[in-house]
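The values are calculated or read from the model by the stated rules, or taken from the named source; none is laboratory data. Note that the coordinates shown come from a computational prediction; the quantities given were computed from them, not determined experimentally. In this analysis, Cβ positions are derived from the backbone assuming ideal geometry, glycine residues included, and neighbour counts consider all displayed protein chains. Areas reflect the complete protein model, heavy atoms only, side chains present, ligands, DNA and RNA absent. Shrake-Rupley method; radii C 1.70, N 1.55, O 1.52, S 1.80 Å.
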Amino acid sequence: MSPRAAWRLERLGFREVYDFVPGKMAWLAMGWPREGTAARVPNAGEVARRGTPTCVLEDLVGDVRDTVLAVGRHVCIVVNDAGIVEGRLRGSALEETPEATAEEAMEIGPTTIRPSEPLEPLVERMQQRGVRTIVVSDLKGHLVGILYREDAERALEAAREHDGS
Amino acid sequence: MPKEVAIDGVRSLVDDGAQLVDVLPEAEYQEEHLAGAINIPLKRMTEDAVARLDRDRPVIVYCWDYQ
């Protein structure tokens, strides 16, 4: 539809017309700003906690652990040189092998969701599977943050109260 | 000839003053659209409908995805 609209605008005399081919779906999956009735309920990207510690594949786990604990967190996301999420370090992986590299100790390819993920079905799935946190990455695989189920539950409750439902 | 713009270029065009135009039906626009976008559905893209656009600034059109 958008290619035809772009041509139509040119026909109507507009000189500089662009067709954003990836469209709305891609914009939302990048976690970029949105408006409309659906935006009254936050999505995963809007609730995810930012500032999650990150490290690169070559970092030593012992150094990573010190950094993570210093900022009061218990998880570190491992990214490659392009900033793409490669793995996750938490729990025993963060505690037991201080001389290992992040790449050796990490959980490879943790499940991620897009920022545009609607909260309600997501929370239901997390509750059913006993999942407390999930990594949020954008369309290109860059870290957005970590979604905590408790935050998502609170956000949904607040949205329901606001709607009076 | 219209140009295509990908994810990597669209934000800088918007930051530089390009106008975002959602060409989806109004109901879909009302439900959710890109921040700052206006709605001119393709089926109603007439001379009158586009009069609210600034002809001196770039225009970016979009729909749901690549289709």
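Some observations on this one:
- Helix A:2-11 axis versus longest C-alpha principal axis of chain A: approximately 40°, rounded to the nearest ten.
- Farthest toward positive dipole pole in chain B [+1 Lys/Arg, -1 Asp/Glu at C-beta], among B:L42, B:A6, B:P25: B:L42
- Sparsely packed loop sites in chain B (the trypsin sites (Lys or Arg not before Pro) outside DSSP H, G, I, E and B with at most 15 other Cβ atoms within 10 Å) comprise B:R55.
- Inverse of mean 1/r across different Cα pairs in the range A:1-66, Kirkwood, Å: 16.2
- Where GluC sites (Glu not before Pro) fall in DSSP loop in the range A:50-141, at most 14 other Cβ within 10 Å: A:E58, A:E96, A:E99
- Only helical runs count toward this figure. For chain B, summing -39,500 (n - 2.57) over DSSP H runs of n ≥ 4 and dividing by all residues gives -6000 deg cm²/dmol at 222 nm.
- All Cα-Cα distances of chain A, cut into 5 Å bins from zero to the largest, leave 1, 8, 15, 15, 15, 12, 10, 8, 6, 4, 2, 1, 0, 0 percent in each bin in turn.
- Qualifying trypsin sites (Lys or Arg not before Pro) in the range A:1-71, DSSP loop, other Cβ atoms within 10 Å at most 13: A:R15, A:R50
- Mean ellipticity per residue at 222 nm, deg cm²/dmol - from DSSP H runs of n ≥ 4 across chain A, formula -39500 (n - 2.57): -10500 deg cm²/dmol
- Between the helical axis of A:61-70 and the longest alpha-carbon principal axis of chain A there is an angle of about 70 degrees.
- What the range A:92-165 shows is 58 Å² of accessible area per residue, with the surface traced by a 1.4 Å probe over protein heavy atoms.
- Distance between modelled label sites at B:D56 and B:E28, nm, 7 Å Cα→Cβ extension: 3.3
- Excluding same-chain neighbours fewer than eight residues apart, the aspartates and glutamates reachable from B:K43 by a Cα-Cα span under 18 Å are A:E10, A:D19, B:D22, B:E26, B:E28, B:D65.
- DSSP beta bridges fully contained in the protein assembly as shown are about 50 percent antiparallel.
- The mean of 1/r over all pairs of different alpha-carbon atoms in the range A:21-99, once inverted, gives a Kirkwood hydrodynamic radius of 14.7 Å.
- Stokes-Einstein diffusion for the range A:86-165 at 4 °C, viscosity 1.567 mPa s, with a Kirkwood radius from C-alpha pairs, works out to 90 µm²/s.
- Cα pair distances of chain B binned at 5 Å [whole percent]: 3, 15, 28, 27, 19, 7, 0
- Relative to the dominant Cα principal axis of chain A, helix A:149-163 is inclined by about 30°.
- Point-to-point label distance, A:E10-A:A159, nm (Cα→Cβ direction, 7 Å offset): 3.9
- Only Lys, Arg (+1) and Asp, Glu (-1) charged, at Cβ; the protein assembly as shown dipole about Cα centre in debye: 740
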